[in-house]
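Report on the structure given below.
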Amino acid sequence: MEKSFLEATQLSSFLETLRLFGELHGPTVTDAGVTTFAPIAAPSQLRIDYRRTQIPPKKYLLPFREQLLSYREGRYAEPAEAPPAIVLFALHPCDLAGIAYLDLVFLGENTDPGYAARRARLTLVGISCEPDDFCFCSAPNSEANCDAFLTTIKGGYIFSAVTARGEEIAAAAADLFSAADVPQSLAALHPGTGVAPQDPELRFSDNPLWQKFADTCVSCGACSVCCPTCYCFDVREYPALNGGGVRIREWDNCFFASHGEVAGANFRPTRLDRLRYRFLHKYCGFTPLQGITSCVGCGRCKAVCPVGIDLRELFSVAGGEMSP
Amino acid sequence: MSERVRDMHLPFAARLLERHELTEDTALFRIAPEEAALPQLSRFVPGQFVQISVPGAGEVPISPADLPGGDGALELCVRRVGHVTELLHQQLPGAPLGIRGPFGNGFPMEEMSDHPVLLLAGGLGIAPLRSLLMHLLRHRDRFGEITLMYGARQPKLMLFREEMAALAARGEMRLYLTVDFAPETNGIQSCAVGLLPDLLKGFRFDAPATYAAVCGPPPLYRCLIADLEQAGVAPGRIMLSLERRMRCGVGRCCHCAIGQKLCCVDGPVFRAGELKDIPEAL
Ligand SMILES: Cc1cc2nc3c(=O)[nH]c(=O)nc-3n(C[C@H](O)[C@H](O)[C@H](O)COP(=O)(O)OP(=O)(O)OC[C@H]3O[C@@H](n4cnc5c(N)ncnc54)[C@H](O)[C@@H]3O)c2cc1C
Ligand code: SF4
Ligand code: SF4
Ligand code: FES
C-alpha cells in the first residue's frame with residue numbers, strides 16, 4: 001500500500017480533488033447542533049475532528065424509506081433509480097466496518113439491487129479517530145473497508161490508497177502530497193479497546209443485569225436507529241388513485257413490540273425478550289452470518305440511550321462468568 | 001435485453017383462475033403465473049413457500065397446497081385473517097396478482113425416501129402438508145407407509161375431507177381424522193372426537209424408521225413433539241413447518257427470526273432437534 005504525506009494546509013485542495021469522484025459528503029454540524037453526514041459545499045463546513053454522527057452512514061446505502069417497486073395493470077416494475085456518485089469523506093474505521101458488514105448482508109447471495117446500485121456509486125475515504133469514553137472499537141486506525149484512508153499525524157495526514165479507486169485518487173492528488181517520513185507502524189498511533197466476541201448462551205442466561213436493563217429501557221428504539229449495522233426493514237404497500245401503486249421498504253426496529261408478532265401472538269412480548277433479541281444478533285450474528293459480531297464499537301447506542309444503558313456492563317460481568 | 005439477474009423483490013405477474021370456498025373463511029385459489037415464472041416455480045419442493053402479492057394490499061407467504069400443475073397453475077389454500085388475505089378473498093377470476101418464489105428449504109425429500117412418513121396436520125396446517133402428501137402419493141413406490149392424521153375444530157372446518165377420503169380409499173395411505181368437538185352428528189362417520197395427540201397415542205408404527213411432518217397452530221407442536229419422541233421418533237426426523245410474519249422472504253428484513261435462524265431461509269421446515277435450545281421457536 002502506497003503512503004504519502006498530505007500537509008494539513010493542503011486539505012482544501014484535496015477536497016476539491018475528491019469532488020472529481022462524486023458529490024462530496026462528510027461530517028458537519030447542523031444549525032440544530034447535530035453532527036451528521038451531509039453535502040460539503042465549502043471546506044469550512046467540514047468537522048474533520050468529529051466524534052460520531054447521530055445517524056450512521058448506512059443512510060447512504062439503506063435510505064430510511066425507499067421504493068422497492070411500482071405496479072400498474074397487473075405488472076410490477078423496479079424503480080428506474082440512478083443513484084448519484086458520492087464521495088463519503090472522513091469516515092471512522094468503525095463506520096467503515098459497519099458498511100463492510102452491510103455489504104456482507106446485502107451483496108451476498110441474492111444481491112439486493114437497490115443497495116448494490118448505491119454501493120457501486122460510493123467512494124469511501126476513511127480517517128483515523130481518537131476514541132472517547134463511548135467507543136470500544138478494536139482498531140481506530142484500520143485502513144480496511146475503504147478506498148483510501150487518512151491517518152492523522154502531526155501537521156497533516158498520511159494518505160493510503162486501498163483500492164483501485166484509491167489509486168485513482170492518489171494519482172489525481174499527486175501534486176498535493178509532499179515528501180515526509182511516514183511512520184512504519186501506524187496502528188500504534190491510535191490503539192483501540194474492543195469487546196470480545198460473545199457467547200450466544202448469554203442471551204438466555206439469568207444474569208440479573210438483563211432484568212435491570214429491561215426495567216429501565218423505554219423501548220424507544222433509538223439504539224437501533226443509530227446503529228451502523230442494524231438493517232432490518234418493514235415493507236408496506238400504498239395504492240394510488242389511478243389503480244396502480246408503490247411498495248416501499250423502511251427501517252424497522254426490533255425494540256417495537258410489533259416486530260415479534262405472528263398469527264395472533266408475539267414471540268417477544270416483553271422488553272427483556274427484545275433486549276436479548278437485539279443483543280443476540282449484534283454480538284453473535286445471524287444466518288448466514290452466524291458467529292460474526294456486527295457491533296463495530298461506535299458507541300452510538302450508549303450515547304443516544306435516554307436511560308444510559310451500556311451493554312458493555314453486561315459483557316464484562318457475564319463474559320467473566322461465562323468463560324470456562 | 002441482456003441477461004440480467006432478476007430483482008428478487010420483483011414479483012412475476014399472475015392471474016386468479018378460479019376459487020372454491022372450502023369453509024367460511026378459507027378458500028382454494030388456483031392462480032396462473034406468467035410464463036416467465038414457470039421455470040423458477042417448477043423447482044418448488046413441498047414445504048417451500050411463495051410470496052403472493054395482492055395489488056393494493058401487499059404480500060403474504062403461502063405454502064402451495066400442491067406442486068404446480070402441468071400448466072404451471074398453483075393451488076393455494078388461504079384463510080382470511082387480515083389485511084392481505086382479506087383483499088385476496090375479494091378478488092374475482094381474472095384479477096391480477098403477483099408471485100415470488102419458491103423460497104425456503106422444503107422437506108428433505110431425498111432423505112425421506114424409502115422411509116415411512118407420518119403427516120400430522122392441525123387445522124389449516126393441512127394446506128402445506130397436502131403438497132407433501134400429493135408428492136408422496138405421486139411417487140408412491142419411493143416411500144414407505146404413508147399416514148395422515150388430521151385434526152380440525154369441528155367437522156365443517158375439515159378441509160379437503162372428501163378428497164382425503166377418496167385417496168385413502170385407493171389404499172395408498174392411512175387416514176385418521178379427528179375433530180375437537182362434533183356439534184351435530186348428522187351422518188358423520190370415520191371421524192374421531194378428540195385432539196390430534198389422542199390419535200397418536202393409540203397408533204402403532206415403526207417409529208425409529210419414521211419421518212414425521214407436522215404443521216398446525218403453535219400450541220400443537222409442543223405436545224406432538226413430546227409424544228413423537230416418546231413413541232421413538234428421532235428429533236432429527238420430526239419436521240415442523242413454522243410460521244412467522246415475513247416481509248422479504250430472502251433473509252434480509254429479519255422479521256422471521258427464530259433465535260439466530262431465519263424462518264424464510266433456514267426454514268420454514270425445521271427439525272425438532274434444531275429448535276430444542278431456542279426458547280422462542282415454539
Ligand atoms: C411459510 C408460511 C406458509 C404459510 N402458508 C399458508 C397457507 O398455505 N395458507 C394460509 O392461509 N396461510 C398461510 N400462511 C399464513 C399467512 O401467511 C398469514 O395468514 C398471512 O400472512 C396473514 O396476512 P394478512 O395480511 O392477511 O394478515 P395481517 O393483516 O398481517 O394480520 C391481521 C390479523 O390477523 C392475525 N393473523 C395473521 N395471520 C394469522 C394466522 N395465520 N392465523 C390467525 N391469525 C392470524 C394477526 O395477528 C392480526 O391480528 C403461511 C405463513 C408462512 C410463514
Ligand atoms: S451496537 Fe452500539 S456500539 Fe455497537 S455498532 Fe451498534 S450502535 Fe455502535
Ligand atoms: S436507546 Fe436505550 S431506552 Fe431506547 S430502546 Fe435502546 S436501550 Fe432501550
Ligand atoms: S422474511 Fe425477511 S428475513 Fe425472513
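Just so it is clear, none of the values below were taken in a lab; they were calculated from the coordinates. None of these values were measured; they are calculated from a predicted model. With ideal geometry, Cβ positions are generated from the backbone for all residues, glycine too; neighbour counts draw on all protein chains shown.
The table below gives the values:
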| quantity | calculated |
| --- | --- |
| Contact order normalised by residue count of chain A, Cα under 8 Å, 6+ apart, percent | 21 |
| Extension reserve of the residue B:105-residue B:17 stretch, reckoned as 0.36 nm per residue once the Cα distance is removed | 28.9 nm |
| Separation between Cα centres of region B:1-70 and region A:214-275, rounded to whole Å | 26 |
| Per-residue Cβ neighbour rank within 10 angstrom, fewest leading, A:34, B:265, A:87 | A:34, B:265, A:87 |
| Shape category assigned to region B:46-191 from the gyration tensor of Cα positions, a/c cut at 1.5 | oblate |
| Values of log10 I(q)/I(0), in the order q = 0.09 Å⁻¹, for chain A under a Debye, Cα-only, solvent-free model | -0.53 |
| For residue B:53, net neighbour charge (Lys/Arg +1, Asp/Glu -1) across residues whose Cβ lies under 9 Å away | 0 |
| Using a Förster distance of 56 Å, the FRET efficiency for residue B:80-residue A:179 (Cβ separation, nearest 0.05) | 0.15 |
| √(5λ) per eigenvalue of the Cα gyration tensor, region A:55-97, largest first, Å | 31, 11, 7 |
| Per-residue Cβ neighbour rank within 10 angstrom, fewest leading, A:9, B:23 | A:9, B:23 |
| Relative contact order [Cα under 8 Å, 6+ residues apart], chain B, whole percent | 17 |
| Region B:16-93: relative contact order in percent, alpha carbon pairs under 8 Å with at least 6 residues between | 34 |
| Helix-derived mean residue ellipticity, 222 nm - over the protein assembly as shown, DSSP H n ≥ 4, -39500 (n - 2.57), to 500 | -6500 deg cm²/dmol |
| Violating pairs (Cα-Cα greater than 24 angstrom) within the set A:58/A:302; A:282/B:276; A:59/A:282; A:58/A:282; A:3/A:154; B:201/B:261 | B:201/B:261 |
| Dimensionless Rg/Rh of chain B - Kirkwood Rh, Rg from C-alpha atoms | 0.96 |
| Under the Karplus curve 6.51 cos²θ - 1.76 cosθ + 1.60, θ = phi - 60°, whole-Hz ³J(HN,Hα) for region B:92-102, x wherever Gly or Pro sits | 9, x, x, 5, x, 9, x, 9, 10, x, x |
| Estimated dipole of the protein assembly as shown in Debye, rounded to 20 [Cβ of Lys and Arg +1, of Asp and Glu -1, Cα centre] | 760 |
| Computed P(r) (all Cα pairs; region A:75-162; 10 Å bins; percent) | 16, 40, 28, 12, 4, 0 |
| Positive-end extreme of charge dipole, region B:58-158 - chosen from B:69, B:93, B:120 (charges on Cβ) | B:93 |
| Where labels lie 7 Å past Cα in the beta-carbon direction, separation of residue A:172 and residue A:35 in nm | 2.7 |
| Using θ = phi - 60° and Karplus 6.51 cos²θ - 1.76 cosθ + 1.60, couplings along region B:42-47 (whole Hz; Gly, Pro as x) | 5, 7, 4, 10, x, x |
| Residues A:310, B:71, sorted so that the one with the fewest Cβ neighbours within 10 Å comes first | B:71, A:310 |
| Shape call, region A:268-317: gyration tensor on alpha carbons, a/c limit 1.5 | oblate |
| Cut-off under 5 Å, modelled amide H: who pairs with residue A:38 long-range | A:26, A:28 |
| Compactness relative to 2.2 N^0.38 Å, alpha carbon Rg of region A:1-135 | 1.20 |
| The protein assembly as shown - Debye-derived log10 I(q)/I(0), Cα point model, q = 0.07, 0.08, 0.10, 0.11 Å⁻¹ | -0.53, -0.67, -0.95, -1.09 |
